[in-house]
Amino acid sequence: MIPWQLHEFRIAPGQRDQFLDLWRTRLLPLAERHGPCVAGCWTEGDDRFLWLTSCSIRPTDDALAEDWPAMLGRHRGLGTMDVSRVLSELDFSPLGARLQGGTAQPLPHRVYVLDEQTLQPGGAPAAEAIARDYTLPLLREVGMDLVGAWRCQEHGHDNLIFMLGFRNEEERKTKLARLTADPRYAEIRRRLDGVLTGAKGRVLQPCDFSPLGPVSA
């Protein structure tokens, strides 16, 4: 499976436009030319920026290539890296198949949700099986698009991370209501009792320069 990294940055107050412009004009082209494949770029509110990369598509082969962290370091007044996580893609995740020739295939989504599940020790196999056998079929039935799914370790805990895509905010709310009203959703929650220690969902907006889109439907 393709290895991934999810980088999160904290944007300095009042510097959102300048920070995004630096990524659009300097850092993204540099990363695409000399570094990993960039699958997507998103913002959360006014002060968070997320950058998802595949580690294996474009290895650095130019000894003179400028390192993107060094460039970012010279612009620390715009923002700083908050956390970087290594992700292992799950076998039912579709994102790896959407990467062709090192380039993410654009999607029509304008709203993304990043769902993170923190697991009990040793709970990853059970949680992955529940997601594969129960959650994923239900998501398909209610029309939710699973963009990607990964496992990672953070602070000694196994986490599962799921990314869902929606065409707009209205679609997200409508399909979420349909999902939570289905009796099978309550059954999935019951199956996860004793497996999860916590869960949170984050609503993300794709940047206009994100390789995953958005594009016109």
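List of remarks:
- Hits in the stretch 152-204 (condition: more than 18 Å from residue 134 (Cβ to Cβ) and among the basic types (Lys, Arg)): 167, 172, 173, 200, 202
- Checked against the criterion of being within 20 Å of residue 202 (Cα to Cα) and more than 18 Å from the chain's Cα centre (by Cα), the candidates 146, 114, 119 yield just one match: 119.
- Checked against the criterion of being charged (D, E, K, R) and either more than 19 Å from residue 127 (Cα to Cα) or more than 21 Å from the chain's Cα centre (by Cα) (or both), the stretch 193-200 contains one or more residues that satisfy it.
- Per this entry, residue 9 is counted among residues that are at pLDDT 85 or above, over 30 Å from residue 133 (Cβ atoms), under 18 Å from the mean Cα position of the chain (by Cα) and hydrophobic (A, V, I, L, M, F, W, C).
- Criterion violated by residue 97 - all others in (1) part of a loop (DSSP other than H, G, I, E, B); (2) surrounded by fewer than 20 Cβ atoms within 10 Å (Cβ to Cβ); (3) modelled with pLDDT of 70 or more satisfied: (1)
- Looking across the stretch 202-217 at every residue that is in a strand (DSSP E or B) and out of contact with any helix residue (DSSP H, G or I) (no Cβ under 9 Å at 6 or more places or on another chain), the one that is nearest to residue 24 (Cα to Cα) is identified as 206.
- Residue 184 surrounded by 15 or more Cβ atoms within 10 Å (Cβ to Cβ) and not in a strand (DSSP E or B): no
- If you go through the stretch 146-173 and keep only what is crowded, with 18+ Cβ neighbours inside 10 Å and either among the small types (Gly, Ala, Ser) or within 12 Å of residue 114 (Cα to Cα) (or both), you end up with 146, 147, 148, 149, 150, 160, 161, 162, 163, 164, 165, 166.
- Matching residues, the stretch 113-163, being of a type in the set (Ser, Thr, Tyr) and either in contact with a helix residue (DSSP H, G or I) (Cβ under 9 Å, 6 or more places away or on another chain) or not in a strand (DSSP E or B) (or both): 134, 135
- Selection from the stretch 202-217 of residues that are surrounded by fewer than 14 Cβ atoms within 10 Å (Cβ to Cβ) and at pLDDT 95 or above: none
- Set 139, 160: member being closer than 21 Å to residue 90 by Cβ, out of contact with any Lys or Arg (no Cβ under 8 Å at 6 or more places or on another chain) and at pLDDT 95 or above: 139
- Scanning the stretch 154-178 for residues that are within 23 Å of residue 4 (Cβ to Cβ) and touching a strand residue (DSSP E or B) at 6+ places or on another chain (Cβ under 7 Å) yields a total of 11.
The values are calculated or read from the model by the stated rules, or taken from the named source; none is laboratory data. Since the model is a prediction, treat every value here as computed from it, not as a measurement. Neighbour counts run over all protein chains shown; Cβ positions are idealised from the backbone, glycine included.
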